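Trainee: Below you'll find the structure I mean.
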Amino acid sequence: MMAGLPATARARRSPAAIAASAPANSQAGRRAADRSFLALCLGITSLTVVILAVLLITIWNDGHGRLSWDFLTNFASRKPAEAGVKASLWGSIWVCAICALSALPIGVGTAIYLEEFSRRSRLTSFIKLNIANLAGVPSIVYGILGLTAFARLFGMASADSPITLGNPESFFYLQLPFGHGVLAGGLTLMLVVLPIIIVSSQEALRSVPRSLRTGSLALGATQWQTTWNITLPASIPMIMTGAILAMSRAIGEAAPVLVLGVPLFIRSTPTNLMSDFTVLPLQIFNWAGRPQAEFHELAAAAIIVLLAVLLTFNAIAVVLRHRLQRAAG
Amino acid sequence: MNAGPSATMTNPANTSSPNEINLRKPDFQSAAPAPNGAPDEVAIRADKFDGWYGEFHALKGISLEIPRCRVTAFIGPSGCGKSTFLRWMNRMNDSIVGARASGTLTLDGEDLLSRTRDVVELRRNVGMVFQKPNPFPKSIYDNVAFGPRLHRSFRSSDLDELVENSLRAAALWDEVKDRLKSSALGLSGGQQQRLCIARAIAVGPEVLLMDEPCSALDPRSTASIEQLIRELEAQYTIVIVTHNMQQAARVSDRTAFFFEGSLIECGDTDEIFTNPRNKRTEDYVSGRFG
Amino acid sequence: MQNAAAVSTAARSAAAASRRGTARSRAARDGTERVIRGALLGCALLSVASTFTILVILLAQTGQFLAMPEVSAWEFFTGTTWSPLLGAEKHFGIWPLVTGTMLITAIAAAFALPVGLVVAIYLSEYAPARVRTALKPVLEILAGIPTVVYGFFALTVITPFLHDHVSESFGTYNALGAGIAVGIMILPIVASLSEDALRAVPRSLRDASSALGSTRFDTSVKVVVPAALSGIVASWLLAITRALGETMIVALAAGGLAHMTANPADELQTMTAYMVQIFLGDAPAYGVEYRSSYAVATVLFAMTLGLTIVGNLFLRAFREEYE
Ligand SMILES: Nc1ncnc2c1ncn2[C@@H]1O[C@H](COP(=O)(O)OP(=O)(O)OP(=O)(O)O)[C@@H](O)[C@H]1O
Ligand SMILES: [Mg+2]
């Protein structure tokens with residue numbers, strides 16, 4: 001029975017004996033450590049709640065006095081009493097719509113390629129590495145990319161005498177380069193949120209059980225038929241959640257839009273893809289940067305509007321996800 | 001013999017255990033009091049013990065005595081409450097929301113269930129080995145030293161000795177002595193399980209609870225752990241849950257058969273396997289249902 | 001027997017029926033598949049293209065900047081004076097902007113890394129389910145608040161608080177106020193990613209630890225946190241990357257004075273804040289100041305890219321795989 005143990009082991013002290021020879025740690029001390037750590041956790045966690053509460057309350061206190069229908073329907077103005085967010089609110093809506101329409105197909109397409117179509121190759125792992133690194137690029141750097149690629153088209157066409165197409169008054173007006181119109185803004189924001197959409201869509205696709213795919217493939221469906229009919233529908237709720245998160249990020253971004261060089265004062269709403277625009281966060285930046293208290297109140301009011309937009313957005317997301325989840329069964 | 005024996009005597013947690021970890025079983029038997037009978041021989045006693053998960057009545061009126069320095073096997077079909085009972089013996093169920101118990105459950109005559117009972121101290125005294133090996137993602141050495149460091153302050157030479165002897169007691173020392181500092185996750189499943197046993201031994205418990213310790217292992221690792229259990233019996237009160245009838249017959253002195261939350265029969269292993277009193281026990285141990 | 005015959009008849013007629021549909025051409029199907037595959041690959045390559053374009057733009061512009069007569073590469077990388085807009089003699093030494101960025105990031109990290117980790121430990125190891133469901137939205141809201149809002153918060157709440165309750169030396173613009181606001185901004189990143197890492201640690205390890213007589217504190221700090229360390233460190237690195245690149249908070253609350261300082265009450269300028277100053281149109285396009293912002297962007301890009309790569313390597317090297 002003792003075959004596994006060498007004979008010398010017989011002369012050894014038992015674990016219990018060794019343990020008994022060492023001084024015991026104070027039980028009371030250990031219990032106190034446990035309790036004080038819990039107290040620390042509770043304290044610090046409530047601190048974060050307090051921070052959020054203080055933030056929301058001060059902004060409400062500063063800004064709610066300026067909130068009115070006029071605030072939503074007036075353009076920005078040098079006179080605080082007449083100033084409003086009409087231009088920036090509409091600018092944000094346009095830019096986000098363009099961002100969503102361009103980023104979603106490209107982002108989900110990339111995710112589908114990586115998860116469903118790619119083989120293990122150097123190219124694939126290079127693309128994956130590249131996307132991981134893109135997620136860490138500061139948004140202001142994307143602004144530089146947008147400025148060079150979209151607003152200036154790499155200097156291939158002169159910004160002073162752009163190539164134009166159609167009537168500047170109509171919706172279908174186009175010009176090259178895009179200048180600092182809503183199209184350039186939306187595409188720049190697309191660059192910012194693309195990594196977010198790709199990564200969350202990849203996770204969504206990965207969460208679909210492999211058995212569903214093999215089931216479809218075993219019926220003779222092609223890879224794309226399987227993706228389109230089986231995998232994608234099953235992962236849509238999660239993809240939408242990621243997309244909404246990405247769009248919330250896009251609505252709040254100011255730096256990349258600022259780099260595009262959008263005009264600071266705008267007294268019109270966009271009418272086509274080339275229209276000048278500004279966005280809510282930039283308007284807030286503009287007002288918050290002024291020393292006068294009136295402008296701080298305007299900034300706070302605009303923040304309330306921005307947060308309300310974000311909240312609506314997330315509410316839509318919750319409802320949408322709920323619907324889709326039910327539809328997916 | 002060195003300072004070992006006298007030191008053991010002073011260990012309050014281990015008063016009744018013999019002085020040497022590696023005493024052969026025969027030596028121990030000659031030195032030990034006769035089995036069965038005297039009340040001080042009972043390590044764990046359950047009396048009309050009931051356990052619930054929320055509304056679900058998982059254990060019904062269990063009355064059972066577990067003798068010290070013996071191996072007791074729990075057998076019974078899946079879901080009959082063996083693990084639940086085991087987990088009450090060191091209060092692992094405390095972390096499960098909705099788990100509660102009533103009746104009596106004592107260790108050395110002291111109430112196990114009392115609210116004021118210090119579960120940390122209890123678990124130091126009642127070690128547990130789980131179904132799946134669960135080494136910490138630390139080095140082999142740190143895995144074994146983890147428990148002792150929690151409870152006491154060791155000189156490093158003492159700790160080295162403790163780790164070595166725990167690993168020896170778990171029959172793992174020779175396989176790992178050259179790589180104590182490498183990750184425990186690099187060990188095979190059987191080695192990992194023996195490491196978990198060494199880890200449990202290192203805190204110097206009185207009782208070792210083992211919940212299907214061999215179910216994730218191959219026959220060879222199983223054999224080495226079974227041998228180990230027989231060797232550890234001299235030192236520890238062992239309760240083992242198993243689905244393997246041969247294993248129960250091989251390693252245990254006493255066997256308890258559970259069925260749908262109730263204790264059907266409990267007695268000497270030979271008795272249970274050769275001459276059960278209850279029809280259901282007979283059917284189960286002979287493999288007629290399962 | 002009769003049953004089996006009926007089944008085989010049904011099977012035969014089903015097979016016949018399935019042959020009645022028009023067969024699709026295999027060539028057409030493969031062609032479609034190839035086109036779709038190509039389009040999807042195109043999407044994937046777009047992101048590679050954007051990285052390359054960023055690199056090319058930054059390097060080309062930085063090269064042109066360094067080649068300008070007013071600038072020397074040596075001064076740019078080693079100089080400690082940054083005065084592109086002031087006075088007759090312009091100096092382009094990047095260090096004041098780099099140290100400014102680092103001071104802000106250090107303040108933010110000193111706040112957010114420990115606090116975020118403690119919140120994560122509380123959420124994953126201690127909080128009852130009800131408290132957890134109540135607290136998660138708080139983190140989500142904090143994560144969703146645009147950074148310009150934090151900038152406003154720094155300017156109108158944190159800095160006045162520092163001025164009134166800590167020291168009179170805190171002016172309208174100071175590093176500490178901006179740094180704390182950046183810290184609040186990255187806090188939810190640390191908290192939620194660390195919590196994910198902690199929750200990924202299997203329950204069996206916690207059981208093993210408490211079965212050895214650990215208190216909950218012992219289990220959390222000595223078993224769960226070490227087991228999740230790679231994920232926690234990765235969340236820290238991601239948060240630091242975000243702090244380095246944060247723009248609107250520092251542009252609003254840290255000020256516009258580029259100088260080397262370690263005093264958190266001082267006004268200072270970060271790399272991003274300088275870029276905002278230039279792109280807001282203080283400088284004529286294609287002048288030396290304008291180009292300098294690209295050079296600054298290149299340095300910033302290199303720093304964040306380096307951190308991201310280190311983070312990914314770290315995750316890959318130290319990740320413990322659990323079943
Ligand atoms: N955490 C829990 N919550 C609710 N019910 C539980 C929980 N754990 C176990 N149960 C139920 O309690 C009963 C007994 O479970 P237990 O795990 O003790 O069975 P067992 O005898 O160990 O089975 P096995 O041999 O499969 O391990 C089962 O019906 C099980 O479904
Ligand atoms: Mg069980």
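The values are calculated or read from the model by the stated rules, or taken from the named source; none is laboratory data. Computed from a predicted model, the values in this text were never measured in an experiment. Here the Cβ positions follow ideal geometry from the backbone for every residue, glycine too, while neighbour counts run over all protein chains shown.
Trainee: Restricting the search to region B:48-92, which residues are among the basic types (Lys, Arg) and within 15 Å of ligand 1 (Cβ to nearest atom)?
Mentor: Passing the criteria: B:60, B:82, B:87, B:91.
Trainee: While we're looking at this one, here's another question. Of the residues that sit in region B:214-243 and are assigned to a loop (DSSP other than H, G, I, E, B) and modelled with pLDDT of 90 or more, which one is farthest from ligand 1 (Cβ to nearest atom)?
Mentor: It comes out as B:242.
Trainee: Picking from B:142, B:160, which residue would you name as being more than 14 Å from chain C (Cβ to nearest Cβ) and not hydrophobic (A, V, I, L, M, F, W, C)?
Mentor: B:160
Trainee: Something else: Might you let me know whether region B:71-82 holds any residue that is within 14 Å of another protein chain (Cβ to nearest Cβ), small (Gly, Ala, Ser) and either touching a strand residue (DSSP E or B) at 6+ places or on another chain (Cβ under 7 Å) or closer than 30 Å to residue C:128 by Cα (or both)?
Mentor: No, region B:71-82 contains no residue that is within 14 Å of another protein chain (Cβ to nearest Cβ), small (Gly, Ala, Ser) and either touching a strand residue (DSSP E or B) at 6+ places or on another chain (Cβ under 7 Å) or closer than 30 Å to residue C:128 by Cα (or both).
Trainee: Keeping to region A:67-124, report how many residues are under 27 Å from the mean Cα position of the chain (by Cα) and among the basic types (Lys, Arg).
Mentor: Total satisfying the criteria: 1.
Trainee: Further question: Which pairs have Cβ atoms under 7 Å, sit 6 or more apart or on different chains, and link a residue in region B:234-256 that is without any contact (Cβ under 8 Å) to a residue 12 or more places away in the chain to one that is within 16 Å of ligand 2 (Cβ to nearest atom)?
Mentor: Matching pairs, first to second residue: none at all.
Trainee: Inspect all residues belonging to region B:168-188 and state whether any of them is of a type outside the set (A, V, I, L, M, F, W, C), within 14 Å of chain C (Cβ to nearest Cβ) and buried (at least 21 other Cβ atoms within 10 Å of the Cβ).
Mentor: The answer is no; no qualifying residue exists.
Trainee: Can you pull out every residue in region B:93-108 that is away from chain C (no Cβ under 13 Å), without any contact (Cβ under 8 Å) to a residue 60 or more places away in the chain and more than 10 Å from ligand 1 (Cβ to nearest atom)?
Mentor: Hits for region B:93-108 are B:100, B:101, B:102, B:103, B:104.
Trainee: In the list A:131, A:127, A:196, A:144, which residue meets the criterion of being assigned by TED's automatic domain parsing to the domain that holds residue A:249, assigned to a helix (DSSP H, G or I) and more than 23 Å from residue A:242 (Cβ to Cβ)?
Mentor: A:144
Trainee: Has region B:53-61 got at least one residue that is closer than 21 Å to residue B:245 by Cβ and either within 16 Å of ligand 2 (Cβ to nearest atom) or not acidic (Asp, Glu) (or both)?
Mentor: Looking through region B:53-61, none of the residues is closer than 21 Å to residue B:245 by Cβ and either within 16 Å of ligand 2 (Cβ to nearest atom) or not acidic (Asp, Glu) (or both).
Trainee: Would you be able to say whether some residue in region B:75-84 is without any contact (Cβ under 8 Å) to a residue 60 or more places away in the chain, more than 23 Å from residue B:203 (Cα to Cα) and crowded, with 21+ Cβ neighbours inside 10 Å?
Mentor: Among the residues of region B:75-84, at least one is without any contact (Cβ under 8 Å) to a residue 60 or more places away in the chain, more than 23 Å from residue B:203 (Cα to Cα) and crowded, with 21+ Cβ neighbours inside 10 Å, which makes the answer yes.
Trainee: To continue, here is another question. Can we say residue A:302 is on the phi < 0 side of the Ramachandran plot and modelled with pLDDT of 90 or more?
Mentor: Considered against the rule, which asks whether it is on the phi < 0 side of the Ramachandran plot and modelled with pLDDT of 90 or more, residue A:302 comes out as yes.
Trainee: Hey, another quick one. Starting from residues that are assigned to a loop (DSSP other than H, G, I, E, B) and within 16 Å of ligand 2 (Cβ to nearest atom), keep the ones in region B:83-98 and report whichever is farthest from residue C:208 (Cα to Cα).
Mentor: Filtering region B:83-98 for residues that are assigned to a loop (DSSP other than H, G, I, E, B) and within 16 Å of ligand 2 (Cβ to nearest atom), the one farthest from residue C:208 (Cα to Cα) comes out as B:96.
Trainee: A further question follows. Would you check if there is a residue in region A:250-257 being at the interface with chain C (Cβ under 9 Å from one of its Cβ atoms), out of contact with any Cys (no Cβ under 7 Å at 6 or more places or on another chain), of a type outside the set (Gly, Ala, Ser) and part of a loop (DSSP other than H, G, I, E, B)?
Mentor: yes
Trainee: Can you tell me which residues in region B:202-235 are within 16 Å of ligand 2 (Cβ to nearest atom), surrounded by fewer than 23 Cβ atoms within 10 Å (Cβ to Cβ) and within 12 Å of the chain's Cα centre (by Cα)?
Mentor: Correct list: B:211, B:212.
Trainee: Taking residue A:235 as the residue in question, decide whether it is of a type outside the set (A, V, I, L, M, F, W, C), without any contact (Cβ under 8 Å) to a residue 40 or more places away in the chain, closer than 20 Å to residue A:320 by Cα and surrounded by 17 or more Cβ atoms within 10 Å (Cβ to Cβ).
Mentor: Yes: the conditions hold for residue A:235.
Trainee: Take residue C:199 and tell me if it is touching a helix residue (DSSP H, G or I) at 6+ places or on another chain (Cβ under 6 Å), farther than 30 Å from residue A:279 by Cα and surrounded by fewer than 22 Cβ atoms within 10 Å (Cβ to Cβ).
Mentor: Spelling it out, residue C:199 is indeed touching a helix residue (DSSP H, G or I) at 6+ places or on another chain (Cβ under 6 Å), farther than 30 Å from residue A:279 by Cα and surrounded by fewer than 22 Cβ atoms within 10 Å (Cβ to Cβ).
Residues checked against (1) within 27 Å of residue A:284 (Cα to Cα); (2) more than 12 Å from every other protein chain (Cβ to nearest Cβ):
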| residue | (1), (2) |
| --- | --- |
| C:194 | no, yes |
| C:199 | no, yes |
| C:221 | no, no |
| C:228 | no, no |
| C:232 | no, yes |
| C:240 | yes, no |
| C:258 | yes, yes |
| C:265 | yes, yes |
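Trainee: In region A:293-309, is there at least one residue being part of a loop (DSSP other than H, G, I, E, B) and not hydrophobic (A, V, I, L, M, F, W, C)?
Mentor: no
Trainee: In addition: Could you check region A:21-46 and list, in sequence order, the residues that are farther than 23 Å from residue C:210 by Cβ and either within 7 Å of another protein chain (Cβ to nearest Cβ) or assigned to a loop (DSSP other than H, G, I, E, B) (or both)?
Mentor: Selection gives A:21, A:23, A:44.
Trainee: Counting only residues that are away from chain A (no Cβ under 14 Å) and in a helix (DSSP H, G or I), which one in region C:202-219 is surrounded by the fewest Cβ atoms within 10 Å (Cβ to Cβ)?
Mentor: C:203
Trainee: Oh, and also: Within region C:152-184, how many residues turn out to be touching a His at 6+ places or on another chain (Cβ under 8 Å) and either away from chain A (no Cβ under 11 Å) or over 24 Å from residue C:242 (Cα atoms) (or both)?
Mentor: 2
Trainee: Take the residues in region B:109-122 that are in a loop (DSSP other than H, G, I, E, B) and within 14 Å of chain C (Cβ to nearest Cβ), then tell me which one is nearest to ligand 1 (Cβ to nearest atom).
Mentor: B:117
Trainee: Now for a different question. Would you confirm, using the coordinates I've provided, whether residue C:169 is within 30 Å of residue B:117 (Cβ to Cβ) and of a type in the set (S, T, N, Q)?
Mentor: no
Trainee: Follow-up question, since we're still on this one. Name the residues in region A:39-58 that are of a type in the set (A, V, I, L, M) and under 20 Å from residue C:158 (Cβ atoms), would you?
Mentor: Once the filter is applied, which keeps residues that are of a type in the set (A, V, I, L, M) and under 20 Å from residue C:158 (Cβ atoms), region A:39-58 yields A:44, A:47, A:49, A:50, A:51, A:52, A:53, A:54, A:55, A:56, A:57.
Trainee: With respect to residue B:238, is the statement that it is within 16 Å of the chain's Cα centre (by Cα) and either surrounded by 19 or more Cβ atoms within 10 Å (Cβ to Cβ) or within 16 Å of ligand 2 (Cβ to nearest atom) (or both) true?
Mentor: Judged against the criteria, residue B:238 is a match.
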